[in-house]
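No value in this document is a laboratory result; all are computed from the given coordinates. The structure displayed is predicted, hence computed values, not measured ones. Virtual Cβ from ideal backbone geometry, glycine too; neighbours counted across all protein chains shown.
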Amino acid sequence: MSVEMTKSLLRNRTFDEIAAGDSASLVRVVGEDDIKLFAAVSGDVSPANLDAQFAARAEGGHVVAHGMWTGSLIASLLGTELPGPGTVYVAQEMSFKGDVAPGDTITATVTVKEKQAEGHRVVLDTTCVNQRGETVLTGAAVVIAPTEKMTMARMAVPEVTLSRHDRYERFIARAKEPPPLATAVVHPCSEGAIQAAIEARDEGLITPILVGPEMRIRDAAEKAGVSLEGLRIESTEHSHAAAALAVQLAANGEADALMKGSLHTNELLGAVLAPNSGLRTDRRISHVYVLDVPHYPKPLVVTDAAINIAPTLAQKQDICQNAIDFMHRLGVEQPLVAVLAAVETVDPAMPATLDAAALTVMAKRGQITGALVEGPLAFDNAISPDAARIKGIESPVAGKADILVVPDLEAGNILAKQLIYLGGADAAGLVLGARVPIILTSRADTVKVRLASSALAKLAGVDRPAGFPGE
């Protein structure tokens with residue numbers, strides 16, 4: 001029998017085969033995901049185990065694994081090695097001697113202390129030691145040892161994937177710093193629209209100015225079960241007038257942001273782009289999705305997936321620069337921009353590759369500033385280091401993009417919605433390029449996404465905070 005096949009089998013030691021002094025050990029490296037998985041299984045969500053900021057204050061600067069995580073190593077040893085399959089776990093005493101932090105290497109050991117013929121019981125000393133030789137757990141276990149030999153296949157460890165949805169938290173926390181952002185909420189005449197405004201108000205993110213037909217706004221608030229007490233309401237006859245008045249409030253400096261309510265996006269943006277709106281700049285407006293993708297290590301921006309249908313090269317230049325300037329506001333000093341196409345080589349038959357190459361050159365020559373821009377890159381090469389390495393792409397952007405610039409709206413919309421509905425991503429939306437940020441929310445958005453959109457608008461609409469951490 002080969003060594004590999006032997007390693008794949010579990011063999012027990014019967015009561016008669018066990019002798020005092022016998023021992024078995026296993027070694028595990030503690031990962032952050034180990035701690036989170038244990039919390040998910042056990043329900044232990046103590047801040048000391050999961051909250052890095054709490055741990056920094058209370059535990060010397062690191063999240064600690066719950067003591068029972070090390071105890072689980074003992075259970076694993078007893079069930080798989082000594083005595084092994086057929087063991088009945090009867091009792092366990094444990095004393096936790098020290099913290100266990102991500103990166104620690106833990107050696108768990110069980111040693112036979114005593115055999116009790118009656119009931120085939122075995123008493124074992126149990127210890128866990130870290131890589132510095134410090135004991136982090138001591139104790140004793142009592143088991144009923146098997147009386148018959150058993151050999152069985154070692155089952156594969158299940159593959160478990162953790163979904164992280166915490167990348168908006170630092171943005172929201174920073175945006176809560178006073179004062180709240182004066183925000184004209186345009187035509188909030190549905191339950192969802194009025195709730196979005198009140199939620200952001202209650203979190204200290206915005207001061208809503210409700211613009212639209214007053215009776216319809218009050219009716220929506222009543223249906224949503226929220227109070228409008230203390231809120232400024234600017235009454236208009238209909239949604240067109242609401243969009244025009246909200247834009248006027250922003251142009252006059254009474255509002256620092258706009259939030260879309262229950263009207264069509266084109267209606268709101270039409271008012272923003274009107275010749276005398278006072279909100280136009282020399283930039284083309286564009287949309288960014290700021291995505292919290294569970295399996296990507298940082299926020300991911302997709303642009304433009306909502307406004308510019310088939311942008312020209314000049315328009316893509318603005319789309320790209322809008323997103324870069326926005327990332328600067330979030331604290332990312334030099335965003336990594338991947339200009340997407342179907343392939344990573346320039347092909348004259350594929351216009352998206354030509355535009356991508358041109359944008360790359362424009363960035364090198366200062367026509368796009370503040371970022372590293374690379375294209376064309378296929379989607380896999382833009383976000384997967386392994387895909388970039390396999391294809392031999394040497395680039396500081398490949399595999400770790402912050403911003404994905406898509407060829408057109410259809411490609412961007414499909415990509416963003418795939419990430420949302422198949423990849424489990426959250427997607428906060430914002431319109432950039434006007435004199436104030438414009439918050440776009442959807443009826444399908446969760447509370448967290450709506451709050452994130454408001455938080456990002458506040459950060460986009462103020463001077464970059466000193467010391468605000470980037471990803």
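What value, in deg cm²/dmol to 500, does the helix sum -39500 (n - 2.57) over DSSP H runs of n ≥ 4 give at 222 nm once divided by the residues of the chain? Walk me through the numbers on the way to the answer.
Numbers: 16 runs with 161 residues, N = 471.
One gets -10000 deg cm²/dmol as the mean residue ellipticity at 222 nm.
Taking the Cα atoms of segment 328-402, report the difference between the largest and smallest coordinate on each principal axis, in whole Å and largest first.
So the extents along the principal axes, rounded to whole Å, are 35, 27, 17.
Counting just the Cα atoms, what span does segment 169-460 cover along each of its three principal axes? Round to the nearest Å and put the largest first.
Its Cα atoms span 61, 39, 30 Å along the three principal axes.
With a sphere of radius 15 Å drawn around the Cβ of V343, what net charge do the other residues whose Cβ falls strictly inside it have (Lys, Arg +1; Asp, Glu -1)? Before the final figure, lay out the partial values.
On the way: positive: K391; negative: E344, D347, D355, E374, D380.
So the surrounding residues net to -4.
Between Q418 and L313, what length comes free when the chain is fully extended (0.36 nm per residue of separation minus the Cα-Cα distance, one decimal in nm)? Provide the component values of the computation, followed by the final result.
Working: separation 105, 0.36 × 105 = 37.80 nm, distance 2.55 nm.
Value of the extension gain: 35.2 nm.
Arranged from highest to lowest average of other beta-carbon atoms within 10 Å per residue, in what order do the peptides 338-348, 196-206, 224-234 appear?
Details: 338-348: 18.5, 196-206: 22.3, 224-234: 14.0.
Going by the mean number of other Cβ atoms within 10 Å, highest first, we get 196-206, 338-348, 224-234.
With +1 on each Lys and Arg Cβ and -1 on each Asp and Glu Cβ, and nothing else charged, work out how big the dipole of segment 169-460 is about its Cα centre, in Debye to the nearest 20.
Details: 26 positive and 33 negative charges, 64 e Å.
Dipole about the Cα centre, nearest 20: 300 debye.
Among K176/K260; K260/K364; K176/K400; K223/K260; K36/K400, which pairs are too far apart, with a Cα-Cα distance over 26 Å? Display every interim value, and only then the final one.
Working: K176/K260 21 Å; K260/K364 37 Å; K176/K400 29 Å; K223/K260 19 Å; K36/K400 24 Å.
Beyond 26 Å between Cα atoms: K260/K364; K176/K400.
Among A196, V211, A242, pick out the residue whose Cα is farthest towards the positive end of the charge dipole of segment 138-267, where Lys and Arg carry +1 and Asp and Glu carry -1 on C-beta, about the Cα centre.
The Cα lying farthest towards the positive end belongs to A196.
Taking the Cβ of T87 as the center, what net charge do the other residues with Cβ under 10 Å away carry, scoring Lys and Arg +1 and Asp and Glu -1? Walk me through the numbers on the way to the answer.
Values: positive: R13; negative: E81.
Neighbourhood net charge equals 0.
Please give the length that would be gained between L37 and D219 if that part of the chain were fully extended, namely 0.36 nm times their separation in residues minus their C-alpha to C-alpha distance (nm, one decimal). Write out the running numbers ahead of the final one.
On the way: separation 182, 0.36 × 182 = 65.52 nm, distance 4.51 nm.
The span from L37 to D219 would gain 61.0 nm if fully extended.
When only Cα pairs under 8 Å and 6 or more residues apart are kept, what is the percent relative contact order across the chain? Walk me through the numbers on the way to the answer.
Numbers: 1001 pairs, mean separation 62.9, N = 471.
Reported as a whole number, the value is 13 percent.
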